Amino acid sequence: MLEQLECELASNFAKDRSDIRMIRAKLIISETAELMQALADRDEVELADGLADLEYVTVGTATVFD
């Protein structure tokens, strides 16, 4: 499911690289995919890193959109 979303976003992003919504969505999906991989691997260090990265990207997105 994440791969399908990434492909869809990549396609939309290729059409309009200035669309901040697409940039932010791509970042969130990318970080979520990394987090999911860490969970699947049972890698606690990568899990902590993934959670921090996802929080950073989502807070940044919230800031961009007020």
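The values are calculated or read from the model by the stated rules, or taken from the named source; none is laboratory data. From a predicted model like this one, the values you see are computed outputs, not experimental measurements. Every residue, glycine as well, gets a Cβ built from its backbone with ideal geometry; the counts of neighbours run over all protein chains shown. All accessible areas refer to the heavy atoms of the entire protein, side chains included, with ligands and DNA or RNA removed. Shrake-Rupley method; radii C 1.70, N 1.55, O 1.52, S 1.80 Å.
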Exercise for review: Could you grab me the full set of residues in region 21-43 that are in contact with an Asp or Glu (Cβ under 6 Å, 6 or more places away or on another chain) and either surrounded by fewer than 17 Cβ atoms within 10 Å (Cβ to Cβ) or not hydrophobic (A, V, I, L, M, F, W, C) (or both)?
Suggested key: 31
Exercise for review: Output the residues belonging to region 44-57 that are open to solvent by 60 Å² or more (accessible area, probe 1.4 Å) and either touching a residue at least 12 places away in the same chain (Cβ under 8 Å) or of a type outside the set (A, V, I, L, M) (or both).
Suggested key: 44, 46, 49, 51, 55, 56
Exercise for review: All but one of (1) open to solvent by less than 90 Å² (accessible area, probe 1.4 Å); (2) at pLDDT below 70; (3) under 22 Å from residue 62 (Cα atoms) hold for residue 11, so report the exception by its number.
Suggested key: (3)
